[in-house]
Amino acid sequence: MPHISSRYLAEGPRVGIRPFTYEDGAEFIARARESKDLHQPWLFPPTTDAAYAGYAGRLIEDRSKAGFLVCEKDDGAIAGFININNIVEGGFQCGALGYGVFAHAAGRGLMREAMGLVVDHAFGPTRLHRLEINVQPGNTASIALARGAGFRLEGFSPNMIYIDGAWRDHERWAITAEMRTGG
């Protein structure tokens, strides 16, 4: 079932990141279905062919987004995903991260490794200056990932994002290229 890519955009000791493809749909959907209890109420990744096609299509074709599949290097299995959404160029050079781990990979440190790869890619080849993460306050695992990747808490926004039928409060976390490099 895993789609093994011989070429990652970046790789660490245990994971590589690569762009989404339409051919990843079957594995992604199966992993999302297996992970429903882990994801909800925070996240609702696509669980049907049509939903995946639309989701992947936006990540593949929309220049204001960049989607990365997190793959285990030993077998190519998709462990999770990290997307840079709302990329703004010009004087802002910013994007907002969204991410999720699949149940079989949760708690193994794979997403922490992948987050470092994506942040380095964003500040390197993508030439962004700032990345933001918006997290619901009760999502302790997501907050731990942001904190562990060097993001700082910048504020709180009530009723910020519409998720699962309601406007949800979010903490705002951010990192800049200077924070990452110490410059």
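For this structure, a couple of remarks:
- Put a plus charge on the Cβ of each Lys and Arg, a minus charge on the Cβ of each Asp and Glu, and nothing anywhere else: the dipole of region 121-183 about its Cα centre is then about 220 debye.
- Length available on full extension from Asn86 to Lys73: 0.36 nm per residue minus the Cα-Cα distance, which gives 1.8 nm.
- Sum of side-chain charges, Ala53 neighbourhood, beta-carbon under 13 Å (Lys, Arg +1; Asp, Glu -1): -3
- Label-point separation, Gln40 to Glu178 (7 Å along Cα→Cβ), nm: 4.4
- Amide proton proximity set for Arg18, modelled H, under 5 Å, gap of 5+: Leu9, Leu69, Cys71
- Mean Cβ neighbour count within 10 Å, used as a protection proxy, ranking 86-92, 45-51 highest first: 45-51, 86-92
- Taking 0.36 nm per residue of separation and subtracting the current Cα-Cα distance, fully stretching the chain between His104 and Ala51 would add 16.9 nm.
- Net charge in the neighbourhood of Glu154 (other residues with Cβ under 12 Å of its Cβ; Lys, Arg +1, Asp, Glu -1) is +1.
- Calculated over the chain, the projected area of the Cα convex hull averaged across directions stands at 10.3 nm².
- Per-residue ³J(HN,Hα) for region 94-100, Karplus 6.51 cos²θ - 1.76 cosθ + 1.60, θ = phi - 60°, Hz, x for Gly and Pro: 9, x, 10, 8, x, 7, x
- Other residues within the sphere of radius under 15 Å centred on the Cβ of Phe123, judged by their own Cβ, net out at -1 (K and R +1, D and E -1).
- Distances between placed amide hydrogens fall under 5 Å for His170 paired with Ser157, Asn159, Met160, all partners being 5 or more residues away or on another chain.
- Our estimate of slack between Thr126 and Arg112, defined as 0.36 nm per intervening residue step minus the Cα-Cα distance, is 3.1 nm.
Coordinate-derived values only; no laboratory data. If you're wondering where the values come from, they're calculated on a predicted model, not measured in any experiment. When we count neighbours, we look across all protein chains shown, and the Cβ atoms used for this are built from the backbone with ideal geometry, even at glycine.
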